[in-house]
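**Student:** Mind having a look at this structure? Questions to follow.
The values are calculated or read from the model by the stated rules, or taken from the named source; none is laboratory data. Just so we're clear, the structure is a prediction, and the values are computed from it rather than from any experiment. Positions of Cβ are backbone-derived with ideal geometry, glycine not excepted, and every protein chain shown enters the neighbour counts. Quick note on the areas: whole protein, heavy atoms, side chains included, nothing else; ligands and nucleic acids left out. Shrake-Rupley method; radii C 1.70, N 1.55, O 1.52, S 1.80 Å.
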Amino acid sequence: MKKGRVFSGARPTGKQHIGNYLGAIQNYVKLQQDYDCIYCIVDVHALTTLEDTHMLKANTHDMMLDWLAAGLDPQKSILFVQSHVPEVMELHTLLSMVTPLGWLLRVTTFKEKVKMQPHNVNYGLVGYPVLMTADIVLYKADIVPVGEDQLPHLELAREIVRRFNNIFGETFPEPQAKLTNFPMVLGLDGEKKMSKSLDNHIELAASPEETTRRIMGAFTDPARKFRNDPGHPEVCNVYSLHHFYTYLKLEEIGKQCRAAEIGCVECKRMLADNINKALAPFREKRAQLAEKYVDEVLADGARRAHAIARETMKEVREKMGLP
Ligand code: TRP
């Protein structure tokens, strides 16, 4: 017997990088053992910030291919694309009727987005958390694995659920956030979180040569200008990546860096080798998965998600008294 139902969504950002893997995908894969999992690529959410949509399809495809190669298993989980189950947009509209506008205008992520794209403060942006709530409750999920940045959205989802249940009778479970306890993965620039938009990332599907080239170009401890300067591993992003890929020798490398016994070049070469070794099975599997397979998985996922969505919407329409 599984412990409950998990739902999580991720925007279609295309090929995934090691930050995506360590922060989210790895956790998605693990949860499959104990929960009924539903993982969704949220293409409609992406439209709130995208003006140019020509990459949407390819990015969705690439992302799902990475998910599958990383161990998400369509035999165990439902893997699908948000817009393939249009009921979510109907539920979004119905939930919007019990969501005070004030709640939405107060959400910090909304205010940040207004600052980021003042030329495109669209209606969908205000409704972003309502659509996210619809994602979760359409499948009556109880557990939502997310990063800390999504907690305000989850809190709002719970408030919307409570209000709906109050007015129309017990319908949806209150979703619980399940925080992943992975520390933030720094990018190769050494300052910011690893992200594709900052181009400070290592793609899971990159070739070993590309991986090595990018690691060799990474910034390290800025105070270590010369080979004989002692290093400060605690502030070095290359060392922080060693945490994930260099289990046994981690302390040793830290000591050698502090004592200037190894230089940054050597240290980076070791990291690149270890990352390439760790990713080899993923890369092999990804190369073997047929292009057509992704489409089959998505079609089957949509079919299974749809069956659940139809049931929920029947109940919602009845409870709300729609004729
Ligand atoms: N807002 C989430 C993000 O940007 C993506 C998302 C959409 C989501 N719907 C969801 C996450 C439902 C969890 C559950 O990362």
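**Student:** At 222 nm, what value in deg cm²/dmol follows for the chain if DSSP H runs of at least 4 each add -39500 (n - 2.57) and the sum is divided by all its residues, to the nearest 500?
**Tutor:** Using -39500 (n - 2.57) per qualifying helix, the result is -16000 deg cm²/dmol.
**Student:** Relative contact order, percent, of the range 33-191 when contacts are C-alpha pairs under 8 Å separated by at least 6 residues?
**Tutor:** Once normalised by length, the contact order is 22 percent.
**Student:** Can you work out the accessible area per residue across the range 166-258, with the rest of the protein chains kept in place, probe 1.4 Å, in square angstrom?
**Tutor:** Counting only protein heavy atoms, the per-residue value for the range 166-258 is 60 Å².
**Student:** Cross-link partners among lysines for residue 3, C-alpha distance below 23 Å, same-chain residues fewer than 8 apart left out?
**Tutor:** 30, 76, 140, 178
**Student:** With a 1.4 Å probe and all protein chains left in place, how much of the accessible area of the chain comes from carbon and sulfur atoms, in whole percent?
**Tutor:** 55
**Student:** Next up: Let me check something: with ligands and nucleic acids excluded, how do 255, 249, 113 order by accessible area (1.4 Å probe), largest to smallest?
**Tutor:** Ranking 255, 249, 113 by accessible area, largest first, yields 255, 249, 113.
**Student:** May I ask you to derive the relative contact order of the range 208-285, considering only C-alpha pairs under 8 Å and at least 6 residues apart, and to give it as an integer percent?
**Tutor:** Computed value for the range 208-285: 36 percent relative contact order.
**Student:** Would you look at the GNM of the chain, springs on alpha carbons closer than 10 Å, and say which of 52, 221, 273 moves the most?
**Tutor:** 52
**Student:** Ranked highest first by the average count of other Cβ atoms within 10 Å around their residues, in what order do 70-78, 56-64, 12-20, 281-289 fall?
**Tutor:** 12-20, 56-64, 70-78, 281-289
**Student:** Then there's this: For the range 35-108, report the accessible area per residue in Å² (1.4 Å probe, heavy atoms, rounded to an integer).
**Tutor:** 40
**Student:** Shifting gears a bit: Cα gyration tensor of the range 1-71, axes a ≥ b ≥ c as square roots of the eigenvalues: rounded (a/c below 1.5), prolate (a/b > b/c) or oblate?
**Tutor:** Prolate, because a/c is 1.5 or more and a/b exceeds b/c.
**Student:** Under DSSP H, which helices of the chain have Cα atoms covering 27 Å or more of the helix axis and a Kyte-Doolittle average no less than -1.0?
**Tutor:** Those that pass (Cα extent of 27 Å or more, hydropathy at least -1.0) are 264-288, 291-319.
**Student:** Which of 47, 271, 204 moves the most in a Gaussian network model of the chain with Cα springs under 10 Å?
**Tutor:** 47
**Student:** Give me the percent of DSSP beta bridges within the chain that run antiparallel, rounded to the nearest 5.
**Tutor:** 10
**Student:** Which of 228, 27, 276 ends up with the largest GNM mean-square fluctuation for the chain, with Cα atoms connected below 10 Å?
**Tutor:** Among 228, 27, 276, the largest GNM mean-square fluctuation belongs to 228.
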